[in-house]
Amino acid sequence: MNRFTGKAVLVTGAGSGLGRAIALAFAAEGASVVAAGRTAASLAETVGLIEATGGTATAVTADVTDSGQLQNLVRESVTRSGGLDIAVNNAGILRGTVPVGEVSEEDWDAVLRTNVTGVWLAMKHEIAHMKGNGGGAIVNISSNLGAHLRIPNAAAYITSKAAVSALTRAAALDHIHQGIRINAVSPGPAATSMSLLPGETEAGRTERMKTATPLGRVAEAEEVAAAVLYLTSPAAGAVVGTDLVIDSGASA
């Protein structure tokens, strides 16, 4: 399939995990991809993987907590890819995995600044370009933890991702009249390093997930990427403000 031939796509947090899988999936279907993140070396790996399979990609380092860097990221994306048709705001962190009363102010601030304010700032600059250039599609990566499911000892992360889900819906209503479709994807445990417990191996995770989710396994990163590509494709032209949960039935 080549659903995205000629499309310019920006993916934040593209240096590893879900962000890398999403960038690879877009490139495989013909998009010109800008892979963004804080670490140049990991972004270079993502670009190398895309180019090795004949795709088109470039890397731009940016910290999503810095509005100026995000404004520059959008400007660079437009310059390098000839526009900005699709943006995937995937960058996020997990810190402060202790009871609420023990979360440090530093961890709380870092998680909210990255996961919520970072998504808002990214959308702010993406929308500023899209609304004057024919519209576009945005997908924010939230989580099944938040609006859909709660667990102990993850309050900062849960709060931030619940906010992303709500922010996505609010933004979708605000900007659909400008031709910008905004949706969210909320993954549960996926086959990335973030779903591993401290010291856990992939084999250990596989065994744990046999009983931890109704499906009995984590989602593959490519399965999450496929959902993102659907939401940004013409086939989802009437999908506005949805929050698509992909968590192996954990929050069903």
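Readers should treat all values here as calculations from the given coordinates under stated rules, not as data from a laboratory. These numbers come from a predicted model, not from an experiment. Glycine gets a Cβ as well: all are built from the backbone with ideal geometry, and neighbour counts include every protein chain shown.
What is the sum of charges, Lys and Arg at +1 and Asp and Glu at -1, for the other residues whose Cβ falls under 12 Å from the Cβ of residue 103? Computed value for this residue: -4.
Modelled this way, with points 7 Å down the Cα-to-C-beta line, the labels at residue 72 and residue 97 are 3.3 nm from one another. In this structure, the amide hydrogen of residue 140, modeled 1.01 Å from its nitrogen in the peptide plane, lies closer than 5 angstrom to those of 89, 183, 184, 185, counting only residues at least 5 positions away or on a different chain. Cβ crowding within 10 Å, taken as a proxy for footprinting-reagent exposure, orders 131, 7, 210, 161 from fewest neighbours to most as 210, 131, 7, 161.
Positive end of the dipole of region 1-89 (Cβ unit charges, origin at the Cα centre): among 74, 25, 52, the Cα lying farthest that way belongs to 25.
If R₀ is 41 angstrom, what is the calculated FRET efficiency for the pair residue 200 and residue 131, using the beta carbon separation as r and rounding to 0.05? About 0.40, to the nearest 0.05. Residues in region 239-249 carry Karplus couplings, in order, of 8, 9, x, 8, 10, 8, 8, 10, 9, 6, x Hz; the curve used is 6.51 cos²θ - 1.76 cosθ + 1.60 with θ = phi - 60°, and Gly or Pro positions show x.
On full extension of the chain, what length is gained from residue 239 through residue 173, given 0.36 nm per residue of separation minus the C-alpha to C-alpha distance?
Details: separation 66, 0.36 × 66 = 23.76 nm, distance 1.16 nm.
Answer, rounded to one decimal: 22.6 nm.
For the chain, with only Lys/Arg (+1) and Asp/Glu (-1) charged at the beta-carbon, what is the dipole magnitude about the Cα centre, in debye rounded to 20?
Working: 18 positive and 22 negative charges, 99 e Å.
Result for the chain is approximately 480 debye, rounded to the nearest 20.
Between residue 29 and residue 49, the simple label model (points 7 Å from Cα in the Cβ direction) yields a spacing of 1.8 nm. Ranked by how many other Cβ atoms sit within 10 Å of their own Cβ, fewest first, the residues 202, 223 fall in the order 202, 223.
Across the chain, the relative contact order, built from alpha-carbon pairs under 8 Å that are at least six residues apart, equals 18 percent. Dividing the mean sequence gap of close Cα pairs (under 8 Å, 6+ apart) by how many residues region 1-69 holds gives a relative contact order of 30 percent.
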